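What follows is a set of notes on a single structure, which appears directly below.
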Amino acid sequence: MNALGQLVDQPPVTMIEPLISSPVRPGNRGDEASFVIAEGFRKTTQDEDILTNAVSSWITSARSYAQHLIESGRSSSIAQARLAHAQLAAGMFDEAKHSAQETLQKVERDIASNGLELFDHSSATAVLRVMLQLGEVESAARWIDRLPTHYILSKLRASIAAEQRDYDLALTLLESVESAESASLRGYIYLQQSKPQMALRELRVAAQAAPGDPNITLNMAFAFWHLGSTKKAIRHARQASRIAPSRKDISFALLELLFATGQYQAVFTEINFIRSGGVIETPDLLMMRARVELALERHEPAVRALRRALAASKEIGDVEYVEAIQTNLEILEPSRKNRPKKDAESEVLHKIRTAIKRSPDNVALVEMFAANAHRVANSAELRKYLDRLAPKNTQERLSELNLRLAYLEGRFDDALSFADAWSEAEPFNPQAASIALMFRGQLIPDGSRNEPQAVKVAARFAKSSSALNNIAHSLTLCGRADIARKILKESSQAVKSSFYLKATAGLVEVASGNLESGMRLYRLAAEMADSAEDGQIFRALMTLHQAMALRQLGILNCPERNSILAQALPPTSLPDDWMDRPHFRLLQAGAERRGWEWPLEIE
């Protein structure tokens, strides 16, 4: 039996920001934030003090000299470019922009007067980089298009095109440019185009010329990940983090890789390594601790980590983090109290609604609502929240929300498309990948079409507690019970404690030809479900899933048919409110696509 978003019977900790799971574009600006080192942990050396003073002195002298040349009437494009850089370094951004524009205008006038032979491409390139640092991307692109062709400007224009996702233009501009930088950029573009083999070839060329470049090394990790080489991906991500230990984006990419592959203790080890450098434990690091603790079913340590994250968020004054973490804590609190499940769920939604009223543009809060809204009746409210967020966020950022809304509204083909988009946007996210598998298994009658994707997802996420059940179930339905049996055997403790996994293990055994042991596991799972709150609901879902799976696999056509029918779970009535429960409606849609009656029965 599958559960949309099921995570070891605990609501997941919702991240405030999307997972760091995208390649790094060469020449990226502003996204390479560093960790903050605790004050007094690392004292500056005498050499560092000398360097700081020298930089300050250069800024002052550069501004003074450039201004002197301009005022004396002996201005040149070189002087203007130097002034623009000095102003940028001094934080005089408006002045730097003005000086950059004046430099380019002078370069253009000099070309008109003296011809292309005196084209000062060095000054032009220097101030174009200033403009890009100031966020003047469109203006810089227009200037490059106006200036004469030069290979340095072509590289710069290609980088802008890649930033604007015009990958065909970027590749065209790079056709005649051979350098480590251009190979790195081509590698990035091929990753964005889902061509990891071509990306890896370019990145290896770039790495030979620049072996210590952390961006190239990290992008190689992404390439290996997409090629299914998990160990190489982790090794390269770890190497990149050691090259640039202060880079948050690289360290978090490694943490996400380790978490995605179920290496939870390794996540703790890596966090401790980061902290050993004097890094202040920020809210996002503490959130990662909480996610791992929940994955390990350690509730109290997760709550403690979230409380520390909340205190850290309040200290830095980040309102969005405070709201999201506080609500995460409020979601987890009811599960610690002895109260009916329905009352706890109602209280959780009430607390999330209250938080959304205070912070209606907080995507993480709406994701929490969506993850805890399990009824069709919640769809109108979720649509209202999503409509408000849509103009202010990319479709990639909202792919999970679009998926959950489509699921509640019964638009299951759309849900599958959004699940694929979510998985593509967050390739390190095991939940996204496994939910996409779950929809494929229900909506695509020909199970063999799902085999390549199921095998690929299993290779990446089989050790992830949030993905294990969907992966094993999907593998079995597409004829790979052999792989499903292996990964469930490696997670035997989880199978013992979860009726979801125990039922799936029963299906795997039946599909493997072990009828008696498989049906016994089904019966044990049903007994566990009966003793749970909402046991009638779980038993009904389990019975329907068993009927659908056995039919999909064609097992009822075998000589043991009568024995299977005798040992199968007995039919149960649908809950009175089944139409308000999207999982039942998804099963109904799957049955109707195969021409089967509803509600499903074994016979």
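The values are calculated or read from the model by the stated rules, or taken from the named source; none is laboratory data. Bear in mind the structure is a predicted one, so any value in this text is a computation, not a measurement. Here the Cβ is made from the backbone with ideal geometry for all residues, glycine too, and neighbour counts use every protein chain on show. Ligands, DNA and RNA are excluded from the accessible area calculation, which covers all protein heavy atoms including side chains. Shrake-Rupley method; radii C 1.70, N 1.55, O 1.52, S 1.80 Å.
Quick notes on this structure:
- For the stretch 297-320, taking the residues that are in contact (Cβ under 8 Å) with a residue 60 or more places away in the chain and open to solvent by 50 Å² or more (accessible area, probe 1.4 Å), the one that is farthest from Val363 (Cα to Cα) is identified as Glu297.
- Looking across the stretch 157-180, the residues that are part of a helix (DSSP H, G or I) and without any contact (Cβ under 8 Å) to a residue 60 or more places away in the chain come down to Arg157, Ala158, Ile160, Ala161, Tyr167, Asp168, Leu169, Ala170, Leu171, Thr172, Leu173, Ala180.
- Scan of the stretch 461-479 for residues that are of a type outside the set (S, T, N, Q) and either under 20 Å from Glu293 (Cα atoms) or surrounded by fewer than 24 Cβ atoms within 10 Å (Cβ to Cβ) (or both), ordered by number: Phe461, Ala462, Lys463, Ala467, Leu468, Gly479
- In the stretch 368-427, the residues that are of a type in the set (S, T, N, Q) and either open to solvent by 10 Å² or more (accessible area, probe 1.4 Å) or more than 19 Å from Met438 (Cα to Cα) (or both): Asn372, Asn378, Ser379, Asn393, Thr394, Gln395, Asn402, Ser417, Ser423
- Inter-residue pairs, beta-carbon under 6 Å, first over 16 Å from Ala266 (Cα atoms) and in the stretch 222-248, second open to solvent by 20 Å² or more (accessible area, probe 1.4 Å) and in a helix (DSSP H, G or I), 6+ apart: Ala223/Pro196; Phe224/Lys232; His226/Pro196; Leu227/Pro196; Gly228/Ala459; Ala240/Pro214; Ile243/Pro214; Ala244/Pro214
- Check on Asn514, without any contact (Cβ under 8 Å) to a residue 60 or more places away in the chain and surrounded by fewer than 19 Cβ atoms within 10 Å (Cβ to Cβ): yes
- Residues that are acidic (Asp, Glu) and part of a loop (DSSP other than H, G, I, E, B) within the stretch 473-495 comprise just one, Glu490.
- Test: residue in the stretch 249-256 that is touching a helix residue (DSSP H, G or I) at 6+ places or on another chain (Cβ under 8 Å), of a type in the set (Asp, Glu), modelled with pLDDT of 90 or more and farther than 30 Å from Glu178 by Cβ: no
- Screening Leu600 with (1) surrounded by fewer than 16 Cβ atoms within 10 Å (Cβ to Cβ); (2) farther than 14 Å from Leu515 by Cα; (3) aliphatic (A, V, I, L, M); (4) at pLDDT below 95 gives one miss only, at (1).
- Number of positions in the stretch 508-524 that are outside any helix (DSSP H, G or I) and in contact with a helix residue (DSSP H, G or I) (Cβ under 8 Å, 6 or more places away or on another chain): 1
- Qualifying residues in the stretch 346-368 (those that are of a type in the set (Asp, Glu) and farther than 15 Å from Leu382 by Cβ) - the one modelled with the lowest pLDDT: Glu347
- A single entry from Arg129, Arg142, Arg186 fulfils the requirement of being without any contact (Cβ under 8 Å) to a residue 40 or more places away in the chain, charged (D, E, K, R), part of a helix (DSSP H, G or I) and more than 24 Å from His85 (Cβ to Cβ): Arg186.
- Every residue from the stretch 551-603 that is without any contact (Cβ under 8 Å) to a residue 60 or more places away in the chain, in a helix (DSSP H, G or I) and polar (S, T, N, Q): Asn557, Asn562, Ser563, Gln567, Gln588
- Residues of the stretch 212-256 satisfying the condition of being open to solvent by 30 Å² or more (accessible area, probe 1.4 Å), among the hydroxyl-bearing types (Ser, Thr, Tyr) and under 20 Å from Asp284 (Cβ atoms): Ser246
- The set of residues in the stretch 480-509 that are open to solvent by 10 Å² or more (accessible area, probe 1.4 Å), touching a residue at least 40 places away in the same chain (Cβ under 8 Å) and under 16 Å from Ala549 (Cα atoms) contains only Tyr500.
- Residue identified as under 46 Å from the mean Cα position of the chain (by Cα) and either surrounded by 14 or more Cβ atoms within 10 Å (Cβ to Cβ) or modelled with pLDDT of 70 or more (or both) among Leu118, Leu83: Leu83
- Evaluation of Arg275 against the conditions (1) of a type in the set (D, E, K, R); (2) in contact (Cβ under 8 Å) with a residue 12 or more places away in the chain; (3) surrounded by fewer than 20 Cβ atoms within 10 Å (Cβ to Cβ) shows that the sole unmet condition is (2).
- Tallying residues that are of a type outside the set (Ser, Thr, Tyr) and open to solvent by less than 20 Å² (accessible area, probe 1.4 Å) within the stretch 136-175 yields 13.
- Segments classed as helices (runs of 4 or more DSSP H), wholly inside the stretch 355-431, with at least 2 members that are touching a Leu at 6+ places or on another chain (Cβ under 8 Å) and closer than 25 Å to His226 by Cα: 399-409, 412-425
- Qualifying residues in the stretch 432-460 (those that are outside any helix (DSSP H, G or I) and touching a helix residue (DSSP H, G or I) at 6+ places or on another chain (Cβ under 9 Å)) - the one most open to solvent (accessible area, probe 1.4 Å): Pro445
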